[in-house]
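Peer 1: My questions will all concern the structure given below.
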Amino acid sequence: MPVRIRDAAVASAMFAVPAAPAQTLIDYSGLRVATPIPGPARPTRRRAICSLAFIRYADGDLGPYHEFAVAFLVRPPDGGPIGAFIHWLPVNQAFTLDAGRTIWGFPKEIADIPIDLASRIKRCAVRFGGRTALELAVKPGLPMPGGAAAPKVDAYSCLDGITRRTPWTMSPSGVRLRPGGARLTLGDHPVADELRGLGLHGARALSSSTVAHLAMEFADATEVRR
Amino acid sequence: MNRTGETAPGSWEVVPPRGTRTALVTGAGSGLGALAAQRLAAAGWDVVGVDVDEAGLGRTAARSPNMHTRVCDVADPKAVEALVAEIGTPHRVLHAAGIGPLSPALEQPLDEVERVVRVNYLGTVHVVRAVLPGMLARGQGELILFSSLAAWLTAPLTSAYAAAKSAVNAYAEALVREHGDSGVKIRCVCPPQVDTPMLRRIVERYPAVGRTRIMPPRLVLDEIDRSLARPARDLYVLPGGRARAAVFLQRHAPRIVDLVLRQAIRPGRGLSEETRTG
């Protein structure tokens, strides 16, 4: 049975990162990072895409909560369209933690996630016991016509050695987009260290976006054979 | 932030750490109150949602362990007092409960007029009297009272509603003059027409209402969030440029406003219907 989110709001940023260390980071999933940016042919110079997002779920089947996502664009093993591999997904509420881990195998854990989506610059922090793992600020972009964002994506996840694919449908409105426009500050956490290893501390984003209203649907997960 | 990640919370963090703050949201069964309660719960506040609509409360609080609900009619002073005695003084109160039946002034049954005043104006008084003393004793708090743009620009058919909301404005102004330096932030929110179940019921009867621009509830709540960063005496929250322009026009060019509003909804017959906001 699909899980429906009736109202969420999102700010996100995409960063180009060196493909080789990004691949090493997600090797545990058996998936390959996508390298969609045309550029140097030498494999060592290829760039993968790391996407960071913070989401406020107000009305949905998983209850109200805040979430931060670290994802990489990946090429699915069966040669289908580019998907998003969710590497880390801290949330601030217990119900969604349990549901996310058991239904889809999303790598959720509990954190304090203050989010400000009302101000001009959207901000989010992820904290564990008062210690900051990271902070992300996203500047406002230009309004995009309706349906500018990808309506259908496959989300991939890997928990306890099982890689899963979850079809994910989105209906965004109030989308704003711009080049650059995001600032990531990394703190003290293993994932922050991983992102630092990809050169993301203080890095300039490729693009950033905000979605004022997002409805979503997550279908059941299926196991991906390696 | 330094390398070890030890930071003070940023100035933008209106959201406190988990479990350290409590919020009371009235009218949480639907509309603005429901969304406000869900957003606060998402941010980790301990929320008590209140409404007369028990089923609506159930929908708002579904799968939200830090949201608690109580059926309570804000028009009943004893019930409101008992509720606050039970839950303690909240850090933030968002009083969104209200009703908005439309009717020509001379045709509206007197008991309906009384009910509108009782829920919208006296309901506000009851909530304030129950929570403000505790906030004053604590020396801090956020008291957000919902009025309406109708208190500034009164359209046909809204006599009782607009009168009650105007009373809320006057009451809030007196409160902020009495307690503006107390550390408690008082806000009087005057939204234009907002897309809520209450408005949708009105539009069913008066399609003309639906032809004006209708604001999504999230924009009203964003405006409230931003307003809380402003000084304590900055009482009014007018969500959206059109609402601010309308209030400006009402002050400086009332004849234009009169011309527009006379056309807004044409009075008819048998028009009274009680609707409940959230």
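Where a number appears in this text, it was derived from the coordinates with a stated rule and is not lab data. Note that this is a predicted model, so its numbers are computed, not measured. Cβ atoms come from the backbone with ideal geometry, glycine included; neighbour counts cover every protein chain shown.
Peer 1: Based on DSSP H runs of at least 4 residues, each adding -39500 (n - 2.57), what is the mean residue ellipticity at 222 nm of the protein assembly as shown after dividing by all its residues, to the nearest 500 deg cm²/dmol? Intermediate values should be presented prior to the final figure.
Peer 2: Working: 14 runs with 143 residues, N = 504.
For the protein assembly as shown, the value works out to -8500 deg cm²/dmol.
Peer 1: Past the 27 Å Cα-Cα mark, which pairs from B:Lys165/B:Lys185; A:Lys122/B:Lys165; A:Lys139/B:Lys165? Kindly include the intermediate steps, with their values, before the conclusion.
Peer 2: Numbers: B:Lys165/B:Lys185 20 Å; A:Lys122/B:Lys165 33 Å; A:Lys139/B:Lys165 37 Å.
Beyond 27 Å between Cα atoms: A:Lys122/B:Lys165; A:Lys139/B:Lys165.
Peer 1: Shifting gears a bit: Convert each backbone phi in region B:58-63 into a coupling constant with the Karplus relation 6.51 cos²θ - 1.76 cosθ + 1.60 (shift: θ = phi - 60°), then list the ³J(HN,Hα) values in order as whole Hz, x for Gly and Pro.
Peer 2: Running phi through 6.51 cos²θ - 1.76 cosθ + 1.60 with θ = phi - 60° gives x, 5, 4, 9, 4, 6 Hz.
Peer 1: Could you check which residue among A:Asp193, A:Asp116, A:Asp78 shows the biggest mean-square fluctuation in a GNM of chain A with a 10 Å Cα cutoff?
Peer 2: In this elastic network of chain A, the residue with the biggest mean-square fluctuation among A:Asp193, A:Asp116, A:Asp78 is A:Asp78.
Peer 1: What are the principal axis extents of the Cα atoms in region A:130-211, in Å, biggest first?
Peer 2: The Cα atoms of region A:130-211 stretch 38, 34, 24 Å along their principal axes.
Peer 1: According to the Cα gyration tensor, what semi-axes, each the square root of 5 times an eigenvalue, does the equivalent ellipsoid of region B:23-180 have, listed from largest to smallest in whole Å? Walk me through the numbers before you get to the answer.
Peer 2: Details: eigenvalues 134, 72, 36 Å².
So the equivalent ellipsoid measures 26, 19, 13 Å along its semi-axes.
Peer 1: Taking Cα centroids, how far is region A:208-226 from region A:87-160 in Å?
Peer 2: 12
Peer 1: Let me ask another. Could you tell me the extents of region B:66-122's C-alpha atoms along the three principal axes, largest first, rounded to whole Å?
Peer 2: Extents along the principal axes: 44, 21, 17 Å.
Peer 1: Can you give the Rg to Rh ratio for chain A, taking only C-alpha atoms and Rh from Kirkwood? Write out the running numbers ahead of the final one.
Peer 2: On the way: Rg = 16.3 Å, Rh = 17.6 Å.
Answer for chain A: 0.93.
Peer 1: May I have the extent of the alpha carbons of chain B along their three principal axes, as whole Å values ordered from largest to smallest?
Peer 2: Between the extreme Cα coordinates on each principal axis of chain B lie 66, 39, 35 Å.
Peer 1: Need one value for B:219-231: mean number of C-beta atoms belonging to other chains within 10 Å of its residues' C-beta atoms. Kindly include the intermediate steps, with their values, before the conclusion.
Peer 2: Details: counts 3, 0, 3, 6, 1, 1, 4, 4, 1, 1, 3, 0, 0.
Other-chain Cβ atoms within 10 Å of each residue's Cβ, averaged: 2.
Peer 1: Rounded to whole Å, give me the distance from the Cα center of region B:80-127 to that of region A:20-40.
Peer 2: 58
Peer 1: Let me ask something else about it. Taking only the alpha-carbon positions of the protein assembly as shown and ignoring solvent, what does the Debye formula give for the base-10 log of I(q)/I(0) at q = 0.08, 0.12, 0.13 Å⁻¹?
Peer 2: Debye output, listed in q order: -0.54, -1.08, -1.21.
Peer 1: Okay, next question. Give the dimensionless ratio obtained when the Cα radius of gyration of region B:135-257 is divided by 2.2 N^0.38 Å. Numbers along the way, then the final one.
Peer 2: On the way: Rg = 15.3 Å, N = 123, 2.2 N^0.38 = 13.7 Å.
Output field value: 1.12.
Peer 1: Of B:Gln263, B:Gln38, B:Gln140, which has the largest mean-square fluctuation in a 10 Å C-alpha GNM of chain B?
Peer 2: B:Gln263
Peer 1: Roughly how crowded by other chains is peptide A:116-123, in terms of the mean Cβ count from those chains within 10 Å of each of its Cβ atoms?
Peer 2: Details: counts 11, 5, 14, 6, 1, 1, 1, 4.
Mean number of neighbouring Cβ atoms from other chains: 5.
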